[in-house]
2 protein chains.
Amino acid sequence: MSDTAEELFRRLLEKDRRAAARLITMVENGQPEAREALRLLHRHSGRAHIVGLTGSPGSGKSTLTCRLAQHYRSLDRSVGIICVDPTSPFTGGALLGDRVRMQELSGDPEVFIRSMGSRGALGGLSVATNDVINILDAFGKDYIIVETVGAGQVEIEIVKFAQTCIVVTMPGAGDEIQAIKAGILEIGDIFVVNKADREGALRTLSDLEMMVETRPVREEPTWTPPVMSCIALEGTGVEELAGAIDDHWVYLRQSGMLEQKIIGRMRAEMLEILNLKVTRAAGAVIDSEGRGQDIIKRMVGRELDPHSAADEMAGLLAERELDVR
Amino acid sequence: MSDTAEELFRRLLEKDRRAAARLITMVENGQPEAREALRLLHRHSGRAHIVGLTGSPGSGKSTLTCRLAQHYRSLDRSVGIICVDPTSPFTGGALLGDRVRMQELSGDPEVFIRSMGSRGALGGLSVATNDVINILDAFGKDYIIVETVGAGQVEIEIVKFAQTCIVVTMPGAGDEIQAIKAGILEIGDIFVVNKADREGALRTLSDLEMMVETRPVREEPTWTPPVMSCIALEGTGVEELAGAIDDHWVYLRQSGMLEQKIIGRMRAEMLEILNLKVTRAAGAVIDSEGRGQDIIKRMVGRELDPHSAADEMAGLLAERELDVR
């Protein structure tokens with residue numbers, strides 16, 4: 001329990017799994033020593049290929065993640081897996097088969113698996129997930145797969161700064177495709193129709209191809225997202241998916257887009273931490289100071305409107321130099 | 001175009017619909033005059049019953065919203081409807097039947113309907129939606145229905161500070177109920193199984209009742225959320241739903257929970273505006289100042305970790321007293 005940040009950092013670089021696990025727990029619990037360790041290890045991160053994986057509920061994301069990890073292991077590459085579940089800690093949706101597969105995987109010293117729930121405050125999960133990505137990156141993992149349980153806005157925010165983002169769906173009614181349409185189409189670098197042995201797979205595949213072709217893009221695209229089919233349970237299509245992930249990585253490096261993605265992720269990561277700091281600092285001011293309580297009281301009494309209240313709070317925080325460490 | 005804030009505010013209180021529409025557009029476009037009008041009208045808000053309505057895609061939320069509004073009109077109560085679609089502006093999913101119903105409604109001077117998309121920056125939609133709620137409240141609407149298109153995290157954040165929150169689902173496979181489980185169960189004050197003439201309605205109803213009974217609650221509940229069935233297309237069950245909404249309102253007032261909800265909403269509204277201010281101010285510093293750019297550059301160069309970067313940015317913002325008006 002008396003691990004110092006320096007000690008944990010040193011053991012992490014020596015590939016000590018327990019140090020990695022311990023540091024992640026400290027991050028989740030918001031322990032201040034974690035901050036120092038994160039600072040030290042930042043210099044050693046930046047080598048992993050960060051792969052995000054999201055999609056419709058029930059589309060078999062966990063199975064696909066397991067299969068991908070097994071494939072990478074067969075090539076002797078090391079893998080970190082982060083399962084993100086922003087919903088209540090009560091759900092925990094992994095199927096038994098996945099749990100067994102995950103357990104097999106987790107016996108492998110070159111695989112590191114961690115589930116993360118919404119323990120922290122609002123916005124905290126995304127910050128903590130980034131911290132864990134950075135830890136596993138410095139820990140030397142070649143691939144870090146960030147898998148989300150659902151496909152909501154929080155999940156999209158979390159995976160969209162991965163270097164390669166995979167969107168998974170499955171054959172089914174128009175509704176599922178509809179669900180993908182909603183915001184998620186823009187973030188996919190690779191689209192997968194899993195459970196491709198089910199009825200309607202070809203239809204879903206062609207619908208998806210059409211949607212990807214006509215998707216709104218901000219800039220002239222130089223990467224056309226492939227639409228692939230998979231049967232993750234049987235392992236079919238997994239090698240091809242891994243190939244597409246590597247193709248995307250080569251594209252990112254050669255086009256200079258990797259640098260852009262890294263800049264975007266750094267910026268987003270910093271802004272998220274900043275917002276979390278501000279939210280916590282403002283919460284502390286409201287809960288502990290007369291002037292903070294007074295702001296809310298005047299709002300409720302309709303004397304102070306929300307925008308002016310935010311200005312006042314910003315003033316109170318600036319006085320404190322936002323110092324909430 | 002030369003409407004001053006005072007002029008718009010005065011016309012709003014005189015029930016001028018064009019003034020309301022104009023002010024909402026100014027809010028969406030982030031025009032500074034809107035701020036002043038919002039400040040003036042705050043004193044005149046706080047009378048409406050704010051009803052949030054969310055749920056699975058395809059569950060018929062829009063139809064239900066229309067029917068509710070028609071019911072309120074039959075009782076001579078005025079209604080504001082805000083349709084929130086946090087996904088890209090490309091979707092716009094209202095069915096033709098709903099559009100016709102909405103058009104009928106929108107001919108009624110006592111109904112005000114507005115759709116809001118994700119035009120603004122990240123987090124901006126929630127702030128803008130709250131601004132519009134406050135405008136319609138001061139405009140004198142008895143009920144303000146905030147309906148979301150999807151059921152993602154952003155939607156939940158938007159409706160959870162409504163005074164009465166309705167969660168809609170429909171008969172179907174376990175998957176739909178699963179989707180409701182994820183985070184949304186906690187926020188519902190009333191649950192509706194719509195399309196209750198479909199196969200499996202009774203099963204869905206009893207599943208949902210079970211889930212509501214066993215849902216995790218933070219405090220000892222004094223309100224047990226009713227689980228109701230509806231066929232919104234035919235108008236069946238709408239009167240009962242309106243009755244439950246009024247029951248909940250009476251409960252909120254008598255239990256003192258209304259005060260708590262208002263305090264919670266004020267606090268959340270202020271924090272969201274504050275976060276948006278901070279994000280925008282930090283973005284401006286990064287885009288326009290050497291010191292801001294330098295922070296990102298050192299992050300990318302692995303000299304500066306994200307948490308220390310956020311501290312530095314907080315310092316830069318505090319120097320400027322966060323003044324981004």
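The values are calculated or read from the model by the stated rules, or taken from the named source; none is laboratory data. Not measured: the values here are computed from a predicted model. FYI the Cβ positions are ideal-geometry reconstructions off the backbone, even for glycines, and counts take in every protein chain you see.
Each row is one residue, and each column tells you yes or no for (1) among the hydrophobic types (A, V, I, L, M, F, W, C); (2) not assigned by TED's automatic domain parsing to the domain that holds A:Ser126.
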site: A:Gly235; (1), (2): no, no
site: A:Val238; (1), (2): yes, no
site: A:Gly243; (1), (2): no, no
site: A:Asp246; (1), (2): no, no
site: A:Gly264; (1), (2): no, yes
site: A:Ala281; (1), (2): yes, yes
site: A:Ile286; (1), (2): yes, yes
site: A:Gln293; (1), (2): no, yes
field: Residue in segment B:259-279 that is assigned to a helix (DSSP H, G or I) and in contact with a Lys or Arg (Cβ under 7 Å, 6 or more places away or on another chain) present
entry: no
- prompt: Can you pull out the residues in segment B:133-150 that are acidic (Asp, Glu) and more than 11 Å from chain A (Cβ to nearest Cβ)?
  reply: B:Asp142, B:Glu147
- request: Taking B:Thr25 as the residue in question, decide whether it is free of Cβ contacts under 8 Å to residues at least 40 places away in the same chain, under 15 Å from B:Leu136 (Cβ atoms) and within 20 Å of the chain's Cα centre (by Cα).
  value: yes
- prompt: Could you list, in sequence order, the residues of segment B:22-55 that are of a type outside the set (A, V, I, L, M), buried (at least 21 other Cβ atoms within 10 Å of the Cβ) and facing chain A (nearest Cβ under 9 Å)?
  reply: B:His42
- prompt: Looking at this structure, is A:Arg10 without any contact (Cβ under 8 Å) to a residue 60 or more places away in the chain, more than 30 Å from A:Ile231 (Cα to Cα), away from chain B (no Cβ under 12 Å) and in contact with a Leu (Cβ under 7 Å, 6 or more places away or on another chain)?
  reply: no
- request: Determine which single condition B:Gly290 fails, assuming it passes every other condition in (1) more than 9 Å from chain A (Cβ to nearest Cβ); (2) surrounded by 23 or more Cβ atoms within 10 Å (Cβ to Cβ); (3) of a type outside the set (D, E, K, R).
  value: (2)
- request: State whether the residues of segment B:14-22 include one that is under 17 Å from the mean Cα position of the chain (by Cα) and outside any helix (DSSP H, G or I).
  value: no
field: Subset tally (residues that are in a helix (DSSP H, G or I) and within 7 Å of chain B (Cβ to nearest Cβ)) for segment A:296-313
entry: 9
- request: Note down all Cβ pairs under 6 Å where the first residue falls in segment B:247-273 and is more than 23 Å from A:Gly283 (Cβ to Cβ), the second is acidic (Asp, Glu), and they're at least six residues apart or on different chains.
  value: B:His248/B:Asp189
statement: Counting only residues in segment B:139-188 that are out of contact with any strand residue (DSSP E or B) (no Cβ under 6 Å at 6 or more places or on another chain) and at pLDDT 90 or above, the one surrounded by the fewest Cβ atoms within 10 Å (Cβ to Cβ) is identified as B:Asp142
